[in-house]
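Enquirer: Take a look at the following structure, please.
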Amino acid sequence: MKTSWPIFRFLSPRPVSQADVDKKLVYNLAPRKVPNANQVKYLRKFLNPREFLLVKICVLVILINAVYLLTVFVKSHLQYLPVAGGTYIEGIVGYPKTINPLYAVNRDIDSDLSYLIFSRLLKYDADGRLVNDLATKIDISPDAKQYTIYIHDDAQWHNGEKLTAEDVLFTFNLIRDPEYRSPLRPALANVQAEKIDDYTIKFTLSEPYAPFLELLTFGILPKNIWSGISPSAATVSDLNLKPVGSGPYKLQNFLRNKDGDLKEYRLVVNEKYYGPKPYLKGINFIFFADRQEAIKSMNDRQILGLSYLPISSHKELLAQNSLYFHELIQPQIVALFFNQEKNKRLADKDARQALGAALDRNQIIKDVFSGIYPIADGPILKNSPFYNNQITPVTFSPEVTASTTKAKAISLTLTVVDTGSNAAVAEKIKAYWEQAGVTVTLKKVSGEQAANIIKDRDFEVILYGESVGGDPDIYAFWHSSQIGSKGLNLAGYNNPEADRLLLEARTAVSTADRLAKYQKLQEIIVADLPAIFLYSPTYTYVQSKELGGFSGTMIIDPADRFSGVSNWYLKTHKKFTW
């Protein structure tokens, strides 16, 4: 029997090379195993070329990732926060005359300055919504005839005196006084007001009027200063150029040129402003005789902002990458209004439909306004919460127009006010209609001529823009009572159901009720086609990218571009957030 014995393998030690001995010696002498900077340079002696290349690639990848991670960290944790300081300089074409809330509504320049200097009960925010300014709370009676408004109890005039309800009542009474001839008077003539206490005032209406609060956006004058100014002196008082208000900015000084015209108007921040304190320490306005001079100043970086700039002038500004072009929607709708009494062929709805189908409105906007202006599909702005997006406006259908004889049977005169880009739009319309077989005579008129033409309704078709305001109330433009020389119903539109909805919507207490009525109203007007709605113009407001904090999409009035002025800034400081 064979016995199994364990087999032992005796291994001889591996020969030790001199290199191994050197490494061991070095490791024993070194206090740490990670090589230092002086040792790293000897890596090439320990690594073969392929290994050394891999090391270099790994190091490069590590460095790239480290830089990327550091960049991401800085971007996500480093903030540039606005701080107080700096003066914003804006250029305006023209000169101010009456910086006074009673009269400023007639001139954009006066209105701009008045907006910053004076406070108002309510104002429009950056998106065209009505919000509180001096008002802190508003109570509306169940019958919607009484509005009780509570105002800030810490508001001060620029001279340090307190602003109270007495000042609000005083300003209201000046507006209603026919001797002061304020253009605001007609809207408030049938409204009564009384002071409840030092910081409460009540307005009483003879009948409900849903857009009433929109009328309370006028600036408030200080009674203690203006009570001694007679109606005959109101428009020529020095206070019109040296106003005292309660707004976020107050007058510092102004400069005149050698001809006596105002050259520069300087405002400084109101340190005692009751609202959010602005970052900008000052706002200076520089006045120019014409737009070319203003554009040159912008190109020379002498100003940081430029008020309204026509689209046709956009390309005249240099270094456009350093500028913001804020396209602010205005509450205007440009349309072609048909006068069916003047041209009986236009009384045929099929003919009006053919004229509408012949127009490529999108292409007109693209050709004339670089595609910037939003298209209008009905009598209410598309960005209004009351807009009905289910309406079916007339659309460009050349095949439909070509197949009907209605358009070919028409000859008409198209009237246009020859200002801005109106003539260019009218030429496009004329070309489209003539392509459809319509005989078109283009009549260009001045603004003065247009006033009489509209009053007498002496037109067949007119290209015209209507300012519809911030509220959806369009009674003045479409109710049959507004037909004639004293009204604004240019198309002579007369529809009993539309009349009923217009009247009920402006007196409705419930917002939901108003919404339903205006939704239905839009359907009726668009279906009847008394006009072809074209587009809503925008207000191009140019600012340097040095200025931050501007926001907004819509303005009811050009001065509303300053609605968020407290957020504007020129200076910042860096801060890490964790």
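Since every read-out is calculated from the coordinates, none of them should be taken as a lab result. Source: prediction; values computed, not measured. Please note: Cβ atoms are built from the backbone with ideal geometry, for glycine as well, and neighbour counts cover all protein chains shown.
Enquirer: How would you rank 529-541, 446-458, highest first, on the average number of other Cβ atoms within 10 Å across their residues? Don't skip to the answer; put the middle values down first.
Expert: Working: 529-541: 21.8, 446-458: 13.5.
Those peptides, ordered most packed to least, come out 529-541, 446-458.
Enquirer: Turning to a different aspect of this structure: In percent, what relative contact order does the range 70-149 have, based on Cα pairs under 8 Å that are 6 or more apart in sequence?
Expert: Here the relative contact order equals 14 percent.
Enquirer: What's the local net charge at Tyr103, with K and R +1, D and E -1, over the other residues with C-beta under 10 Å away?
Expert: With Lys, Arg at +1 and Asp, Glu at -1, the neighbours total +2.
Enquirer: Can you give the angle from 0 to 90° between the axis of helix 422-435 and the longest principal axis of the chain, with both taken from C-alpha atoms, to the nearest 10?
Expert: Relative to the chain, helix 422-435 is tipped by roughly 80 degrees.
Enquirer: Would you kindly derive the ³J(HN,Hα) couplings of the range 95-108 from the backbone phi angles with the Karplus curve 6.51 cos²θ - 1.76 cosθ + 1.60 (θ = phi - 60°), listing them in order in whole Hz, with x for Gly and Pro?
Expert: For the range 95-108, the Karplus curve yields 9, x, 10, 9, 7, 8, x, 5, 10, 5, 5, 7, 9, 4 Hz.
Enquirer: Same structure again: Using the Karplus curve 6.51 cos²θ - 1.76 cosθ + 1.60 with θ = phi - 60°, what ³J(HN,Hα) values do you get for each residue of the range 114-123, in whole Hz, with x for Gly and Pro?
Expert: Per-residue couplings from phi come out as 4, 4, 7, 8, 9, 9, 9, 4, 9, 8 Hz.
Enquirer: Let me ask another. How far apart, in nm, are the 7 Å Cα→Cβ label points at Gln449 and Gln363?
Expert: For the pair Gln449/Gln363, the computed spacing is 2.9 nm.
Enquirer: On a full-extension model of 0.36 nm per residue, what is the gain between Ile62 and Glu497, subtracting their alpha-carbon distance, rounded to one decimal in nm?
Expert: 149.1 nm
Enquirer: While we're here: If you stretched the chain out fully between Ile138 and Tyr80, how much longer would it get, using 0.36 nm times the residue separation minus the C-alpha to C-alpha distance?
Expert: 17.1 nm
Enquirer: In a shell of Cβ-Cβ distance under 14 Å around Ala210, excluding Ala210 itself, what net charge do Lys and Arg (+1) and Asp and Glu (-1) give?
Expert: -3
Enquirer: So, one more: Can you give the charge dipole size of the chain about its Cα centre, rounded to the nearest 20 debye, using +1 on the beta carbon of Lys and Arg and -1 on the beta carbon of Asp and Glu?
Expert: 3960 debye
Enquirer: Ok, one more. Can you compute the FRET efficiency between Ser313 and Glu264 using 1/(1 + (r/R0)^6), with r the Cβ-Cβ distance and R0 = 25 Å? Round to the nearest 0.05.
Expert: My answer for the efficiency is 0.65.
Enquirer: Using DSSP, restrict attention to beta bridges with both residues in the chain and report what percent are antiparallel, rounded to the nearest 5.
Expert: 75 percent
Enquirer: Express as a percent, rounded to the nearest 5, the fraction of DSSP beta bridges in the range 331-535 (both residues included) that run antiparallel.
Expert: Antiparallel bridges make up about 55 percent of those DSSP assigns within the range 331-535.
Enquirer: So what's the gap between the Cα centers of the range 463-530 and the range 189-229, to the nearest angstrom?
Expert: If we compute the Cα centre of each part, the gap is 27 Å.
Enquirer: A further question follows. Label 7 Å along Cα→Cβ of Gln146; the range 168-206 residues with amide nitrogen under 19 Å?
Expert: Answer for the range 168-206: 169, 190-206.
Enquirer: Another one. Name the residue from Tyr387, Thr511, Asn339 whose Cα lies farthest towards the positive end of the charge dipole of the range 331-535, charges +1 on Cβ of Lys and Arg and -1 on Cβ of Asp and Glu.
Expert: The listed residue farthest towards the positive side: Asn339.
Enquirer: Given a cut-off of under 8 Å on Cα pairs at least six residues apart, what relative contact order in percent is computed for the chain?
Expert: 20 percent
Enquirer: Another one. Could you order peptides 434-443, 337-346 by the average number of other Cβ atoms within 10 Å of their residues, highest first?
Expert: 337-346, 434-443
Enquirer: So between Ala347 and Thr577, what do we pick up on full extension, going 0.36 nm a residue minus the alpha carbon distance?
Expert: 76.0 nm
Enquirer: Something else about it: Relative to the longest principal Cα axis of the chain, at what angle does helix 447-456 sit, 0 to 90 degrees, rounded to 10?
Expert: 50 degrees
Enquirer: Quick one: net charge of Gln156's neighbours, Cβ under 9 Å, K/R +1, D/E -1? Can you show the working numbers first?
Expert: Working: positive: Lys162, Lys272; negative: Asp154, Glu161.
Combined, the nearby Lys, Arg, Asp and Glu give 0.
Enquirer: Could you work out the Rg to Rh ratio of the range 331-535, with Rh taken as the Kirkwood radius (inverse of the mean 1/r over all Cα pairs)?
Expert: Rg divided by Rh gives 0.95.
Enquirer: Sorted by average packing, counted as other Cβ atoms within 10 angstrom per residue and highest first, what order do 105-113, 295-303 take?
Expert: 105-113, 295-303
Enquirer: In deg cm²/dmol and to the nearest 500, what is the mean residue ellipticity at 222 nm of the chain if only DSSP H runs of at least 4 residues count, each as -39500 (n - 2.57), divided by the residue total?
Expert: Rounded to the nearest 500, the figure is -8500 deg cm²/dmol.
Enquirer: Just checking my list (i) 1.13; (ii) 1.04; (iii) 1.43 against Cα Rg over 2.2 N^0.38 Å computed from this structure; which label fits?
Expert: Step by step, Cα Rg over 2.2 N^0.38 Å for this structure corresponds to label (iii).
Enquirer: Follow-up. Using alpha carbons only, how many degrees (0 to 90, rounded to 10) separate the axis of helix 496-507 from the longest principal axis of the chain?
Expert: On a 0 to 90 degree scale, this one is about 70.
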